[in-house]
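Colleague: Below is one structure. I have some questions about it.
The values are calculated or read from the model by the stated rules, or taken from the named source; none is laboratory data. Values in this document were obtained by computation on a predicted structure and should not be read as measured data. For neighbour counting, all protein chains shown are included, and Cβ atoms are generated from backbone atoms with ideal geometry for every residue, glycine included. Please note that ligands, DNA and RNA were not included when accessible areas were found on the heavy atoms of the full protein model with its side chains. Shrake-Rupley method; radii C 1.70, N 1.55, O 1.52, S 1.80 Å.
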Amino acid sequence: MTASETSTSGVQRGQLGTLSVLAWAGEPETHQNPYLLAYSLGDGTDGPAAGTAAVRTLFAELDIPVDGQVVDGSRPGFPVRLLVEGGQAVLTMPYLNAQCTVPPEWLQAAAEQSTVHFMFASRPWPQAVPGRPVSEEMLTAFVDDDLLATSAHCLLPVGRLRQ
């Protein structure tokens, strides 16, 4: 889940700490929408506040606002990519390359919508440790209005392997 730093970046990888990705499908109105959330556990080298600052710096460098605005991730050269194949979502972006198993309803929603709403939380979520289940109540408590307004949001096209 790491990538090398560039000499021009203001982000120190160690400040981001442990990064994780969680997938779920929500049901606004009549159809499901697939969501992918990336977050830090807040265990970076200089503490949670430095991790939050590093996330903001990273997305400023990527020219993606951290203000709740949804950015179109289909433009050429967009720095965040998503591949969905074999029941897995593979997310690639600077400082984060992650693969996670996604639930069947997420796969169905991603196939129907052809896009996934990706969010990168600017605040840490230390309770959502990789490998431990996250309940709907935990997710709902974390993804509140404040988080939505202070996260990076991208609508990513669903990439697939060509056969």
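Colleague: With every protein chain in place, what's the accessible area of T18 (1.4 Å probe, Å², nearest 10)?
Modeller: The accessible area of T18 comes to roughly 50 Å².
Colleague: Report, in degrees rounded to the nearest 10, the 0 to 90 angle that the Cα long axis of helix 104-113 makes with the longest principal axis of the chain.
Modeller: Taking the Cα atoms of the chain, the angle to 104-113 is about 80 degrees.
Colleague: Separate question: Please find, in a Gaussian network model of the chain (springs between Cα atoms separated by less than 10 Å), the residue of G26, G14, G44 whose mean-square fluctuation is greatest.
Modeller: G26
Colleague: Obtain the nm distance between the two label points defined at A53 and E112 by a simple spin-label model: each point lies 7 Å from its Cα along the Cα-to-C-beta direction.
Modeller: Output for this residue pair reads 4.4 nm.
Colleague: If I build a Gaussian network model for the chain, linking alpha-carbon pairs within less than 10 angstrom, which residue out of P76, P126, P104 has the largest mean-square fluctuation?
Modeller: P76
Colleague: Report the residue, chosen from V134, V11, V102, that carries the largest GNM mean-square fluctuation when the chain is represented by alpha-carbon nodes joined by springs under 10 Å.
Modeller: Checking each option, the largest mean-square fluctuation is seen for V134.
Colleague: Here's a follow-up. Farthest toward the dipole's positive end in region 95-146, which of W106, G131, F142, given Cβ charges of +1 (Lys, Arg) and -1 (Asp, Glu) about the Cα centre?
Modeller: Selected residue: G131.
Colleague: With the contact rule set at Cα under 8 Å and sequence spacing of 6 or more, what percent relative contact order holds for the chain?
Modeller: 31 percent
Colleague: Nearest 10 degrees is fine. How inclined is helix 48-61 to the longest principal axis of the chain, computing both from alpha carbons?
Modeller: The two axes meet at around 70 degrees.
Colleague: Put a dot 7 Å past each Cα toward the Cβ at Q127 and L83; how far apart are the dots in nm?
Modeller: 3.5 nm
Colleague: Of all the accessible heavy-atom surface of the chain, with the other protein chains kept in place and a 1.4 Å probe, what percent is carbon and sulfur?
Modeller: Carbon plus sulfur share of accessible area: 52 percent.
Colleague: Leaving out ligands and nucleic acids, note down the accessible area per residue over the chain with a 1.4 angstrom probe, in whole Å².
Modeller: So the chain comes to 51 Å² accessible per residue, rounded to a whole number.
Colleague: Sort out for me the Cα centre separation of region 45-92 from region 127-145, rounded to whole Å.
Modeller: 19 Å
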